[in-house]
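Data block below; observations after.
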Amino acid sequence: MTVLRAKDISILFGGLKAVSNFNMTLEEGELLGLIGPNGAGKTTVFNMLTGVYHPTSGEIEFTDKNGKVQNITHMKPFQITQMGMARTFQNIRLFKDLTVLDNIRIAYHFNVKYKSADAVFRTPAFFKEEAEITRKAVALLEIFNLEHKQAELAKNLPYGEQRKLEIARALATGPKLLLLDEPAAGMNPQETQDLMKLIRFIREKFNLTILLIEHDMNLVMGICERIIVLDYGQTIAEGTPDQVSKDPLVMKAYLGEGVDLHA
Amino acid sequence: MKKNIANGLTLAAIAVVFTGILAALVYIGVIDEYTAQILTLAGINVIVALSLNLISGFTGQLALGHAGFMAVGAYTTAVCIMKFNFPMLLAILTSGLVTAVFGLIIGFPTLRLRGDYLAIVTLGFGEIIRVIMINLEQITGGAAGLKGIPSFTEDILLAPALSMLWVFSVMIITIILMSNLIKSSYGRAVLSVREDEIAANSMGINVFYYKMYAFTISAFIAGVGGGLYAPFFGYLNPTMFNFLKSVDFLVIVVLGGMGSITGTVIAGFVLTYLQEFLRFLRDYRLVIYPLLLIFIMLFRPSGLMGNREISILALWQRLFKSDRTQSKVDKAGERQ
Amino acid sequence: MGFLHEFLQQMVNGLSLGSIYALLALGYTMVYGIVKLINFAHGDILMLGAFGGFFVLAAYGVTPLTFVLALLVGMIVCAVVGIVIEKTCYKPLRNAPRINALITAIGVSIFIENGARVVKVIGPNPKEFPTFKTVNFPIGDVNISQIQIIVFVVSIALMFLLTYIVNHTKLGKAMRAVSFDRPAAYLMGINVDWIISFTFALGSALAAAAGILFASAYPQVEPYMGIIPGLKAFVAAVLGGIGSIPGAMLGGFIMGIAETLTKGFISSQLADAIAFGILILILVVKPSGILGKNVSEKV
């Protein structure tokens, strides 16, 4: 089943066409990598898919949690998240002055059943659902090895754990499509290995389709099944890791003319 | 969770008993009328400051016109009890509702937008309300003001004690209800708006809706505060609700700690008390208050309490139990 | 015939008043463009400039020469004040949550207003601003006073000067660069702190000029005089497109004309409320303002 379809989306900033005619189809369960030199437009694509920006032309279709195909081109981020698409950010955007636990619990809010009145008057319905939310949050934190830090403020976590928390938080919204923006940024090789295992694990466990932006080629080649390469806002190559790594256009984009990676 | 409930109930019980004792002391004259007035005024200031803390401290949207909301509440109650013979409770609730409607109206165009427009719009609103109150002479008595607003009781001897009882009861209820709201999923939603709007949006939180949510509730509470003020003071004049009054509330919130209910309560009482004592400073107060704001923002932006709340249990253990690690774990649990 | 006459008269009045609002709005817009801060204290700089001019003119009398001197003194003093405020109060909060900087700006504003009030040489009571004796130039039924002409001409001259600085000097280029992308400007070797200070200085100087011109036309100065013009100028900046220099000028003139037309045709009480109404209208209809662009935040 096709989960996401970006049809010819472009976006103009002032006079600059940051992304031109981007096309992408994501099938359920795929793990797709979006790579390209800095400034190629990768995060801009993410922002369009998640509703932070709106494409100036083209359309985006997303199959939501209920199986309905929705035109999400002009929707707001919160609506898209509620439909089942979650993301992490290139620059960590945790809720810094809130605890690790609260960062996760917030992700459950849009599904909460009790009303404000229940909260204010502390009804049994409130207690029951709060306990449930906390239980789910702690369980999720356990998967990421963070539950012992649940009372810590997010800003006090070491960098690597903050990145993990961001992923956990996105997962807590219960998505079917997860967008990861440079999840390995700033990680050492060991952490990157662990991350790769984690990504494979959560894809299995939560039945996810994953789209990821990365610069770390080991990670990309290691776990992505398919890769799209972007340069100056345009797709210059698409295929399996093997195909893409041998593509001369890709090499030129990353390394300039006259370099042969396989020489 | 259970510790939090125990803590909350303990605090509430202490507060109720304390209020009862205070009111009784006022009635029998141990606490004189002047002191009773200051305490009651402090209670009202705390209520309005709490409402400001909700939108500015917890939701992170600076609002500068809460004196205007208070004015709407005050005049509404005055009109309700003087012209329509509402019972007091109904009048005050009506004040809250009417003020909430105003909140909805000015919030809607403003909160859709990114950034700092709420501050300016609420500032303008505060001024406009003042001008409107001056011009609606038939209803509000205009610039001369509205005199002879009946108090909570006709019995002059009972009035000070009863005013204090009313105000403190509403204050305690506000504290409890607001605290309950903050420590819930809805509270977390507004906190996320404060922390990072874009991330909140990406977590499925409708940021605009929750800004409106916090702002409207804030307006309601401010209206209730104003509604209590009318019978307490007995006289209303539009100049009482000017920009400087809004700043007073801001100073209370900032000093106490934006995001701490306890902080607002403490700062509210301290500042109201100080204001009376430092009356001789008159004009210099207007120089000291802004300096205070600037200094706090530059050197201790978290104010007195930061975003922490008082924990009776933690205090108890600190004082009476020597097991330090236990109280650390409790404190951690308290943060939720 | 009466309507047309009134209309033209108010247009003339509005252009003069509007040029003052434009000068003031420029300061708001430049500061907002470069540090994304609504400088609440800006209107109070107008007051300081007016008093600066007051002291010069009170000491040396009112002549064209002393008037220019008053302008220079006011502008220089306020430029310095602007830099001092920026360095002490705003710069430390550049990376703090926005609400902190806003609260500080409010604090600075109230401090200046009431500080002026308690200082003996200024004091709470209004003082009469020494200004030229009004000479009227009737054109048909419409009356233009030489003060209105001076206000208009000086304002336009300053706006030209500002536009020249911003568009045709290296300094101006640096200002635009820092407004557009601060980290990139820094990497290009631009001394960002200096440029920001300079922007504040420039905006404050214009506010000072606006203050002296305002006081020349409405010759009463007192510590709170900057509050309402400040608010109106802010609305003007938003109306024109906050961050846009031509927008601020356009917004200023529109606000001035709207105010005088309201005074002439509806009621003078409503003239102040009109500003608030325009603000709400713009925020509802086109929040980016007439000449503003929708700039999205980098995610």
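What the table shows:
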{"item": "Whole-Å distance, taken between Cα centres, linking the range A:5-72 and the range A:94-127", "result": "31 Å"}
{"item": "Cα Rg over Rh - the range B:1-112, Kirkwood", "result": "1.05"}
{"item": "Spin-label model distance (nm) - C:PHE160 vs C:TYR224, 7 Å beyond Cα toward Cβ", "result": "3.9 nm"}
{"item": "Nearby lysines by direct alpha-carbon distance to C:LYS127 (threshold 29 angstrom, same-chain neighbours under 8 apart not counted)", "result": "B:LYS245, C:LYS232, C:LYS263"}
{"item": "Order of A:ILE228, A:ILE106 under a 10 Å beta carbon neighbour criterion, fewest first", "result": "A:ILE228, A:ILE106"}
{"item": "Within the range C:211-229, backbone nitrogen closer than 20 Å to the virtual label 7 Å beyond the Cα of C:ILE139 toward Cβ", "result": "C:217"}
{"item": "Cα gyration tensor, the protein assembly as shown - rounded (a/c under 1.5), prolate or oblate", "result": "oblate"}
{"item": "Fraction of antiparallel bridges per DSSP, the protein assembly as shown only, in percent to nearest 5", "result": "65 percent"}
{"item": "Backbone N within the range B:22-41 under 17 Å of label point (7 Å from B:LEU158 Cα along the Cβ vector)", "result": "B:23-29"}
{"item": "Most mobile listed residue (B:ARG279, B:ARG300, B:ARG188) in chain B, GNM with C-alpha springs under 10 Å", "result": "B:ARG279"}
{"item": "Among B:TYR284, B:TYR75, B:TYR235, residue whose mean-square fluctuation peaks in a GNM of chain B (springs only between Cα atoms under 10 Å)", "result": "B:TYR284"}
{"item": "Label-to-label distance, nm, for residues given as C:ILE290 and A:SER116 (7 Å Cα→Cβ offset)", "result": "3.9 nm"}
{"item": "Distance from the range B:102-132 to the range A:179-194 (C-alpha centre basis), Å", "result": "45 Å"}
{"item": "Order of A:VAL244, C:VAL121 under a 10 Å beta carbon neighbour criterion, fewest first", "result": "C:VAL121, A:VAL244"}
{"item": "3J(HN,Hα) from dihedral phi, the range A:42-55, Karplus parametrisation 6.51/-1.76/1.60, rounded to Hz, x for glycine, proline", "result": "5, 5, 4, 4, 3, 4, 6, 5, 9, x, 5, 10, 10, x"}
{"item": "Approximate spin-label separation C:LEU69-B:ILE288, in nm, with each point projected 7 Å along Cα-to-Cβ", "result": "4.1 nm"}
{"item": "Within a Gaussian network of chain C (alpha carbon springs, distance under 10 Å), most fluctuating of C:GLY211, C:GLY264, C:GLY33", "result": "C:GLY264"}
{"item": "Relative contact order %, the range A:93-169, counting alpha carbon pairs below 8 Å whose residues are six or more apart", "result": "50 percent"}
{"item": "Peptide A:105-115 - average C-beta neighbours from other chains (10 Å radius)", "result": "5"}
{"item": "Between the range C:95-113 and the range C:27-91, the Cα center-to-center distance that results, in Å", "result": "18 Å"}
{"item": "Value of [θ]222 nm, deg cm²/dmol, for chain A, DSSP H segments ≥ 4, -39500 (n - 2.57) each, nearest 500", "result": "-11000 deg cm²/dmol"}
{"item": "Local electrostatic count, C:ASN13, Cβ distance below 11 Å [Lys/Arg +1, Asp/Glu -1]", "result": "-1"}
{"item": "FRET efficiency, 1/(1 + (r/R0)^6) with R0 51 Å, evaluated for A:THR240 and B:LEU278 via beta carbons", "result": "0.10"}
{"item": "Percentage relative contact order, chain A, counting C-alpha pairs under 8 Å, at least six apart", "result": "26 percent"}
{"item": "222 nm mean residue ellipticity, helices alone, for chain B (DSSP H n ≥ 4; -39,500 (n - 2.57); rounded to 500)", "result": "-24500 deg cm²/dmol"}
{"item": "Links that overshoot a 31 Å alpha carbon limit, given the list B:LYS211/C:LYS91; A:LYS76/A:LYS246; A:LYS155/A:LYS252; A:LYS7/A:LYS115", "result": "A:LYS76/A:LYS246; A:LYS155/A:LYS252; A:LYS7/A:LYS115"}
{"item": "Charge tally in the Cβ shell below 10 Å around C:LEU37, where Lys, Arg are +1 and Asp, Glu are -1, C:LEU37 excluded", "result": "+1"}
{"item": "Cα shape, the range C:166-258, gyration tensor, a/c 1.5 rule", "result": "prolate"}
{"item": "For q = 0.06, 0.09, 0.13, 0.15 Å⁻¹, Debye-computed log10 I/I(0) when each Cα of chain B counts as one equal scatterer", "result": "-0.21, -0.48, -1.01, -1.33"}
{"item": "Of the DSSP H helices in chain C, those whose Cα atoms cover at least 18 Å axially and whose Kyte score averages 1.6 or more", "result": "C:64-85, C:146-168, C:192-217, C:227-240, C:270-285"}
{"item": "In the range C:191-299, chymotrypsin sites (Phe, Trp or Tyr not before Pro) in a DSSP loop with at most 16 other beta-carbon atoms within 10 Å", "result": "C:TYR224"}
{"item": "Exposure proxy order (Cβ contacts within 10 Å, fewest to most) of B:THR19, A:THR63, A:THR81", "result": "B:THR19, A:THR63, A:THR81"}
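Every number in this text was worked out from the coordinates using simple rules, so none of it is lab data. Here the structure is a predicted model, which is why all the values come from computation and not from measurement. Using ideal geometry, Cβ is built from the backbone for each residue, glycine included, and neighbour counts are taken over all protein chains shown.
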